Amino acid sequence: MTAEPAVPQSRPGRTPRLPRTARRFQLLGAAREVFVAQGYHAAAMDEIAERAGVSKPVLYQHFPGKLDLYLALLDEHSEKLVSAVRAALASTADNHIRIERSIRAYFDFVADPSGAHQLVLESDLRSEPAVRQRVENTSAQCVRAIAATIVADTGLPQEEADLLAMGLVGLAESGARWWLLRDGRVSKERAVESLVELAWRGIAGYPQQPTPETS
């Protein structure tokens, strides 16, 4: 009777070996928790590695430094916001609903329990060029998406459409952050509804381009 081969045991306090993609996902999750709780400057790679249950060498195998880790998180969550706004615009041809869904995208983003919006909308590292560029690019992508819809529907010049789109993005972002800080004193639905009506009463004043069905 032969003995069964011993099963390798992971070291106490350490997570078992994972595929590279799964490990990266795990490390980003741990880093997000630390960065959101402490901010960039107070966060330490030691703590992130401990939170993830890995050694520091494993962490550095995936991310050469703390800034690389922060930028990876910023890219991930910036893309989520931009994708949500684009999806809102593409989801319907009804412009009132487009505004509602675009504004709601910002409210959903800040309401995520992970607190990841702080990395994109409230970063304490905007003095770092790579961070500032990403933050500004996130806003610019949302503005471009909204402006393209405005141009297509109204025929306004690009510069004017850009201005209106920037106003709508500013309204949505500032309103969502204000709402979050008030800890639900205004319900989410009511807050979204109020901002939608504020935006709609202004944008609805611009005449729509005639469509093939109406021309």
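The values are calculated or read from the model by the stated rules, or taken from the named source; none is laboratory data. It should be emphasised that the depicted structure is a prediction, and the values quoted were computed from it without experimental measurement. Counting neighbours? That spans all protein chains shown, and the Cβs are built from the backbone with ideal geometry, glycine included. Protein only, heavy atoms only, side chains kept; ligands, DNA and RNA dropped before computing areas. Shrake-Rupley method; radii C 1.70, N 1.55, O 1.52, S 1.80 Å.
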Item to check | Test set (1) open to solvent by 30 Å² or more (accessible area, probe 1.4 Å); (2) in a helix (DSSP H, G or I) - Phe35 fails condition number | outcome: (1)
Item to check | Failed condition for Val85, given (1) open to solvent by less than 40 Å² (accessible area, probe 1.4 Å); (2) assigned to a loop (DSSP other than H, G, I, E, B); (3) closer than 30 Å to Arg24 by Cα | outcome: (2)
Checklist entry - With (1) small (Gly, Ala, Ser); (2) modelled with pLDDT under 95; (3) surrounded by fewer than 15 Cβ atoms within 10 Å (Cβ to Cβ) as the list, and Ser123 as the residue in question, which single condition is left unmet? => result (3)
Checklist outcome for this item: Scanning segment 143-158 for residues that are free of Cβ contacts under 8 Å to residues at least 40 places away in the same chain, under 17 Å from Gly170 (Cβ atoms) and of a type outside the set (Val, Ile, Thr) gives Arg144, Ala147
Next on the checklist: Where the second residue is assigned to a helix (DSSP H, G or I) and open to solvent by 30 Å² or more (accessible area, probe 1.4 Å) and the first is farther than 24 Å from Arg134 by Cβ and of a type in the set (D, E, K, R) and lies in segment 47-76, which pairs have Cβ atoms under 8 Å and are six or more apart or on separate chains?
Outcome noted: Lys56/Asp46
Checklist entry - Looking only at segment 155-209, which residues are outside any helix (DSSP H, G or I) and either farther than 26 Å from Val120 by Cβ or touching a Lys or Arg at 6+ places or on another chain (Cβ under 7 Å) (or both)? => result Gly155, Leu156, Pro157, Ala204, Gly205, Tyr206, Pro207, Gln208, Gln209
Checklist outcome for this item: The residue from Tyr70, Tyr60 that alone is over 23 Å from Pro113 (Cβ atoms), of a type in the set (Phe, Trp, Tyr) and either assigned to a helix (DSSP H, G or I) or modelled with pLDDT under 95 (or both) is Tyr60
Next on the checklist: For the list (1) at pLDDT 95 or above; (2) among the acidic types (Asp, Glu); (3) open to solvent by 70 Å² or more (accessible area, probe 1.4 Å), I need the number of the one condition that Glu173 fails.
Outcome noted: (3)
Item to check | Identity of the residue in segment 88-103, under 18 Å from Arg190 (Cβ atoms) and surrounded by fewer than 21 Cβ atoms within 10 Å (Cβ to Cβ), that ends up farthest from the chain's Cα centre (by Cα) | outcome: His96
